[in-house]
Amino acid sequence: MTFDFTSCQFCDTHQSPDKLALIGSSGELSWGDLHNKTNQLVSAIQELKLPKGYPIFIYGHKEVEFPVAILACFITNHPFVPIDRLYPKERIAEIQSETNSSVFVDCSRNFQNSSATVLTFWDQEIVTQPGEITKSIVPVFEHNPLAYLLFTSGSTGKPKGVMIRKSSVLDLVNWIHSDAFGMNSQEVFVNQSPFSFDVSLFDTFSALSYGATMLMVSQDLAKDTELFKTQLVQYKASFWTSTPSFVYLYLREQWFQSGALPSLKTFLFAGEPLPVATCKSLYTQFEHSTVFNAYGPTEATVITTLLTVDKTSLDASSSLPIGRCKPHSEMITLAPGSKEHPQELVIVGENVAEGYLNRPEQTADRFFVHEGKKSYKTGDLGFVEEGMIYCQGRNDNQIKLNGYRIELDEINEKILSMEGINEARTIGLKRNDKVVRIVSLVQSGKVINVTELKEVLSQQLPHYMVPSDYVQVADFPKNPSGKIDRNGLQEFYLTQKKAQKK
Ligand code: AMP
């Protein structure tokens, strides 16, 4: 069996319905089970008689029910909004209020919200907790509906919803089915990224459309190295997708090599720059594997470019390009760029999102039409040389920490909204050009209570956005025009810390 994203139907390809489809924190599902559960959820959603295009939140982590809910939303034409169970309540409430919607599918059986309509998977049944169905403010696109809304960090202090249409998902699925990735239906995908991060959709769409198998890695499983190894061996994991930061956690494990994991043949990395050293280690530990470097912002449907990393050229390179653009899209710079004078990279094509939900200004700032096609200014700086694309950093305050996309201004806005704080700057501390920690510099008329500050932020932001250190300062370094000198802040922070220690 496979799931055909074009017709939105399960197709029988003479494969046994007993074949494993999903392995997750809540158990295993065969393709037959997946089909039945999806149908059950489709019926439960239809019974709610929701308005057309009404978004549905999917709440959970790495339960097998999560992909079931994705499929049910796809079939019923309701955009899904993934919400990771590990998010703090306030973050979830913020995302909910951005859409003004109130229907949840609870995959984890512990979602608490007394006013919402909640569909919960209980063993063989789906139980509906009736609740309000508020008037959604998500636009409805009749002919080409939204597939999903994914919330990313927003520089104005609130998460912003990226609107992805179904046609963009189909465009991605078509690429996935080209020869570029060398996949087949026997693949066992390792799905690690949280569903609130779109890299996770790459394996999900791949596994479902190929009729393959997906091993989902919860945060707990990732920490339990022995069990994780056992599952990789037991289920014969073959196709690994993650951020480079995630694989780095295992590179030093003795068992992380082809002798112990003979089925693991392909590694695809996305979400942040792929270090040359990581590729070298992988090619040493998995000699006959293929390593891909994929690049793409959420705003352009999961990934846009792909590079098959050539192991013979690794010794000569200090950094890797991000590869070539997918078919039917283009990646350009509006002015000629070079290594010395990089320009903003722009993505043009059907994979580009419809914009940000209810953010006309930010949408107008980033999205535009180029030669009649949807286009998105990425904020990434780089250049294109004979179709090969190079990415060399950003033109704004967005950073990546362990693959998580973070707008430093969002954290800063939260700090500034606290009583008694006059000024603040949040920075990503870099080591060897890679952000390793987030810290905040805070100016206040009274002595700040760091524990309290951290506590308040932890209630509002995902754990990876909470700064690990806070330093109270009397003033900030300024540049000649009198503005706070952003580029000097790391040095300033380190000097302040040194002074504090004395
Ligand atoms: P996200 O929307 O979370 O997928 O983050 C997208 C951003 O991550 C891009 O705009 C880049 O800044 C960065 N990024 C993603 N993949 C890569 C890559 N392979 N190499 C360099 N930067 C990347």
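The values are calculated or read from the model by the stated rules, or taken from the named source; none is laboratory data. Please read all numbers here as calculations on a predicted model, not as lab measurements. Cβ atoms come from the backbone with ideal geometry, glycine included; neighbour counts cover every protein chain shown. With ligands, DNA and RNA removed, areas are computed over all heavy atoms of the protein, side chains included. Shrake-Rupley method; radii C 1.70, N 1.55, O 1.52, S 1.80 Å.
Taking Cα centre as origin and charging only the Cβ of basic (Lys, Arg, +1) and acidic (Asp, Glu, -1) residues, the dipole magnitude of the stretch 366-463 rounds to 200 debye.
Each Lys or Arg adds one and each Asp or Glu takes one away; over the other residues whose Cβ falls under 13 Å from the Cβ of ASN395, this sums to 0. What's the FRET efficiency of ALA474 with GLU142 using the Cβ-Cβ distance as r and R₀ = 56 Å, to the nearest 0.05? The calculated FRET efficiency here is 0.45. Each residue of the stretch 251-260 was assigned a 3J(HN,Hα) from its phi angle through the Karplus expression (A = 6.51, B = -1.76, C = 1.60, θ = phi - 60°), giving 4, 8, 6, 4, 6, 7, 7, 5, x, 8 Hz with x at Gly and Pro. Across all Cα pairs in the stretch 34-187, the calculated P(r) in 10 Å bins from zero up to the longest distance comes to 10, 39, 36, 13, 2 percent per bin.
What you get for the stretch 96-216, charging only the Cβ of Lys and Arg (+1) and of Asp and Glu (-1), is a dipole of about 380 debye around the Cα centre. By the Stokes-Einstein formula, at 1.002 mPa s and 20 °C, the stretch 277-378 with its Kirkwood radius over alpha-carbon pairs has D equal to 139 µm²/s.
Here LYS19 is the anchor, and the lysines within straight C-alpha reach of less than 17 Å, apart from those fewer than 8 places off in the same chain, are LYS37, LYS236. Relative to its residue count, the stretch 114-257 spans a Cα convex hull of 198 Å³ per residue. Computed from the alpha carbon positions, the gyration tensor of the stretch 95-160 leads to an equivalent ellipsoid with semi-axes of 24, 16, 13 Å, biggest first. In terms of its Cα atoms, the stretch 343-502 spans 58, 34, 33 Å along the principal axes, sorted from long to short. Annotation for the stretch 167-272: GluC sites (Glu not before Pro) lying in DSSP loop with at most 16 further Cβ atoms inside 10 Å of their Cβ are GLU253. In sequence order, the stretch 266-271 has phi-based couplings of 10, 10, 10, 10, 8, x Hz under the Karplus curve 6.51 cos²θ - 1.76 cosθ + 1.60, θ = phi - 60°, and Gly or Pro positions carry x. Summing charges over all other residues whose Cβ lies under 12 Å from the Cβ of VAL162, with Lys and Arg as +1 and Asp and Glu as -1, gives +1. When every alpha-carbon pair in the stretch 60-122 is counted, what percent end up more than 17 Å apart? The answer is 38 percent, as a whole percent. Overall, the accessible surface of the stretch 126-265 at a probe of 1.4 angstrom is composed of carbon and sulfur to the extent of 52 percent. Solvent-accessible surface of the chain, taken per residue with a 1.4 Å probe and all protein chains present: 43 Å². Note on the stretch 385-440: Cα-Cα pairs beyond 19 Å make up 40% of the total pair count.
Each Lys and Arg contributes +1 and each Asp and Glu -1, all at the Cβ; summed about the Cα centre of the chain, the dipole is approximately 1200 debye.
If the chain linking TYR248 and LYS19 were pulled fully straight, counting 0.36 nm for each residue of separation and taking away their Cα-Cα distance, it would gain 79.3 nm. Would you mind telling me the share, in percent, of accessible area of the stretch 290-443 contributed by carbon and sulfur at probe 1.4 angstrom? On the stretch 290-443, the fraction of accessible area on carbon and sulfur atoms equals 46 percent. In the chain the Cα-Cα distances spread across 20 Å bins starting at 0 as 22, 56, 21, 1 percent of all pairs.
For the stretch 70-167, the share of DSSP beta bridges that are antiparallel, to the nearest 5, is 65%.
Filter the trypsin sites (Lys or Arg not before Pro) in the stretch 273-346 to those in DSSP coil with at most 15 other Cβ atoms within 10 Å of their Cβ, and list the result. Here the sparse-neighbourhood loop sites are LYS339. Put simply, the C-alpha atoms of the stretch 148-209 give a gyration tensor, and the ellipsoid matching it has half-axes of 26, 14, 8 Å, longest first. Annotation: amide H-H contacts under 5 Å for GLN15 (H modelled 1.01 Å from N, sequence separation of 5 or more, or interchain): none. The orientation-averaged shadow of the Cα convex hull for the stretch 329-401, equal to a quarter of the hull surface, comes to 5.8 nm².
Accessible surface for CYS391 stands near 50 Å², nearest 10, in the context of the full protein assembly shown (1.4 Å probe).
Put simply, the stretch 300-354 fits an ellipsoid with semi-axes of 23, 17, 8 Å; these come from the alpha carbon gyration tensor as the roots of five times its eigenvalues, largest first.
Roughly to the nearest percent, how much of the accessible area of the stretch 1-55 is carbon and sulfur, given a 1.4 Å probe? Of all accessible area on the stretch 1-55, carbon and sulfur atoms account for 49 percent. Modelled spin-label separation between GLN112 and ASP12, with each label point placed 7 Å from Cα along the Cα-to-Cβ direction: 4.6 nm. Remark: spin-label model distance ALA260-SER155 equals 4.4 nm, labels positioned 7 Å along the Cα→Cβ axis. Computed over the chain, the per-residue total of -39500 (n - 2.57) for DSSP H runs of n ≥ 4 gives a 222 nm mean residue ellipticity of -8000 deg cm²/dmol, rounded to 500.
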